[in-house]
Amino acid sequence: QVQLVESGGGLVQAGGSLRLSCVASGSIVSIGTMEWYRQAPGKQRELVASITSGGNTNYADSVKGRFIISRDNAKKTMYLQMNSLKPEDTAVYYCNANVWRTGIPGFYNYWGQGTQVTVSS
C-alpha cells in the first residue's frame, strides 16, 4: 500500500507565502514524476507544477515566478513553496505521484487527500 499525505495548507493574506509538503509512505521501490494539482470550487482540477525524479520542473503559467517545486528523494517528500499568493490561488492542493511498489512491476499513479489553501484579499 502507498499513501501520499499533504500538509502545510492554511489561511494566508494576499502577498503571503506557504510551503506545502507531500510525504509518500509504504512499500516503495522508486518514485517517478511527482506533481501538484489544485482544484478551486466549481472548477476543474488543474496541474500546478511537476518535478521528475531527476529534478526537471515545469509550472503552469499562472504560477511561474511565484511557486517553486522541489523534492527530497531520500525522504520521499515533495514540496511546493508558494510566494506572492493571490486570492485566485485559493483551492484544495493535491499531491500526485507515480510510484513503483515492492513486488509489483511498473509505476502506478497515486493521489493524496488534499490540503486547503485559502488566500484572503
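The values are calculated or read from the model by the stated rules, or taken from the named source; none is laboratory data. These numbers come from a predicted model, not from an experiment. Cβ placement follows ideal geometry from the backbone for every residue including glycine, while neighbour counts extend to all protein chains displayed. These accessible areas exclude ligands, DNA and RNA; they are computed on the full protein's heavy atoms, side chains included. Shrake-Rupley method; radii C 1.70, N 1.55, O 1.52, S 1.80 Å.
Numerical summary
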{"read-out": "Test: Met82 is out of contact with any His (no Cβ under 7 Å at 6 or more places or on another chain) and in contact (Cβ under 8 Å) with a residue 60 or more places away in the chain", "value": "yes"}
{"read-out": "Residue tally, condition open to solvent by less than 80 Å² (accessible area, probe 1.4 Å) and either assigned to a strand (DSSP E or B) or farther than 17 Å from Tyr108 by Cα (or both), over the stretch 47-61", "value": "10"}
{"read-out": "Residues being open to solvent by 30 Å² or more (accessible area, probe 1.4 Å), in a strand (DSSP E or B) and farther than 22 Å from Tyr59 by Cβ - total across the stretch 1-36", "value": "8"}
{"read-out": "Whichever residue in the stretch 98-111 is within 15 Å of the chain's Cα centre (by Cα) and under 14 Å from Gln1 (Cβ atoms) and, among such residues, is most open to solvent (accessible area, probe 1.4 Å)", "value": "Trp111"}
{"read-out": "Members of the stretch 1-56 found to be under 12 Å from the mean Cα position of the chain (by Cα) and of a type in the set (Val, Ile, Thr), listed by number", "value": "Val5, Val23, Thr33, Val48, Ile51"}
{"read-out": "Per-region count, the stretch 40-69, residues within 18 Å of Val5 (Cα to Cα) and either at pLDDT below 95 or in contact with a Leu (Cβ under 8 Å, 6 or more places away or on another chain) (or both)", "value": "3"}
{"read-out": "The listed residue being crowded, with 16+ Cβ neighbours inside 10 Å and over 21 Å from Thr118 (Cβ atoms), out of Lys64, Lys76", "value": "Lys76"}
{"read-out": "Near pairs, Cβ below 6 angstrom, 6+ apart or cross-chain, from the stretch 15-27 (on the phi < 0 side of the Ramachandran plot) to any residue that is open to solvent by 50 Å² or more (accessible area, probe 1.4 Å)", "value": "Arg19/Gln81; Ser21/Ser7; Val23/Val5; Ala24/Lys76; Ser25/Gln3; Ser27/Arg101; Ser27/Thr102"}
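So that you can scan it fast, the table gives a plain yes or no per residue for (1) part of a loop (DSSP other than H, G, I, E, B); (2) out of contact with any helix residue (DSSP H, G or I) (no Cβ under 8 Å at 6 or more places or on another chain); (3) basic (Lys, Arg):
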| site | (1), (2), (3) |
| --- | --- |
| Arg71 | no, yes, yes |
| Leu80 | no, yes, no |
| Ala97 | no, yes, no |
| Trp100 | no, yes, no |
| Pro105 | yes, yes, no |
